[in-house]
Amino acid sequence: MTLDTPMAAMDRDEISKMRRSYGEIGLRESELNSNPISQFQLWLKEASDNPMVVEANAMVLATNSEDQPTTRTVLLKDVTEAGFTFFTNYNSAKSKSIEGNSKVSLLFPWYPMERQVKILGSASRISGADSDAYFATRPWSSQIGAWASDQSAPLSSREELEKHWAEFATKYPEGSQVPRPPHWGGFLVIPTMIEFWQGRYSRLHDRIRYTRDASTWKLERFYP
Ligand SMILES: Cc1cc2nc3c(=O)[nH]c(=O)nc-3n(C[C@H](O)[C@H](O)[C@H](O)COP(=O)(O)O)c2cc1C
């Protein structure tokens, strides 16, 4: 079923004229942490403290298997020296894509701060015990949602999804301990490259890239 709405769309001319100037805050190598994870944690905190940034921990995850890149948003749930963790359905399209090719890219688009962080790395499943520990902290309704959704599979109607949810809500009533579905868990993205981008005047943006070099990180500036 589709609905043709009479809402006004942006015309092509309006889109091409969308432009704003970027600020004066720069990125100096001397002020950056030599460890990109520590630097990322600082920027994540600044983004999460900024009321203009909605869902600072939302990141675009790009996967690429069978020569077809695809993207979608997921939520960062942990970041440590080991890497970046998100949770999802292990039967989903993204998980199958990761099984075909573990190399992924993450992007944090913090537009109100004129910042982005881009990450390259490889994704692998975290342990069942670690997924259990995080699943146990989720609200009951989200736990039931994880059971009810056959993520990325075709669905005949909204009612069918709600019916599944209600069935699992009966099976695992509120207040009971809901087990983690075997098809749900976390992935850890181990980074090989982390790039910090800060918008500057005249499109002379700052772009600093950390590349993993054995056990240390090499820091380089790139043309914007
Ligand atoms: C703000 C936001 C946060 C999201 N967080 C997650 C998440 O943490 N895990 C997840 O599986 N899907 C999340 N989604 C939904 C995904 O973007 C995507 O639609 C879903 O995972 C299916 O993707 P796939 O078919 O490519 O596997 C989120 C979407 C948005 C807009």
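The values are calculated or read from the model by the stated rules, or taken from the named source; none is laboratory data. This one's a predicted model, so the numbers in the text were calculated from it and none came from an experiment. Heads up, the Cβs are rebuilt from the backbone with ideal geometry, glycines too, and the neighbour counts pull from every protein chain shown.
Comparison of Ser149, Ser141 shows that the only residue that is exposed (fewer than 15 other Cβ atoms within 10 Å of the Cβ), within 21 Å of Glu55 (Cβ to Cβ) and not β-branched (Val, Ile, Thr) is Ser141. Exactly one residue out of Ser124, Ser141, Ser131 is within 14 Å of the ligand (Cβ to nearest atom) and over 12 Å from the mean Cα position of the chain (by Cα), and it is Ser131. Only residues that are near the ligand (Cβ under 8 Å from one of its atoms) and either over 23 Å from Asp150 (Cβ atoms) or assigned to a strand (DSSP E or B) (or both) were counted across the range 77-106, and they come to 4.
Just wondering, is there one or more residues in the range 202-224 that are in contact with a His (Cβ under 8 Å, 6 or more places away or on another chain) and more than 22 Å from Gly83 (Cα to Cα)? Yes - at least one qualifying residue is present in the range 202-224.
Filtered by the rule that a residue be within 16 Å of the ligand (Cβ to nearest atom) and modelled with pLDDT under 95, the range 29-76 gives Ser65, Glu66, Gln68. Evaluating Gly26 against the criteria (1) surrounded by fewer than 17 Cβ atoms within 10 Å (Cβ to Cβ); (2) within 17 Å of Val189 (Cβ to Cβ) leaves one unmet condition, (2).
Restricted to the range 143-224, the set of strands (runs of 3 or more DSSP E) holding at least 2 residues that are more than 25 Å from Asp130 (Cα to Cα) and among the β-branched types (Val, Ile, Thr) comprises 206-213.
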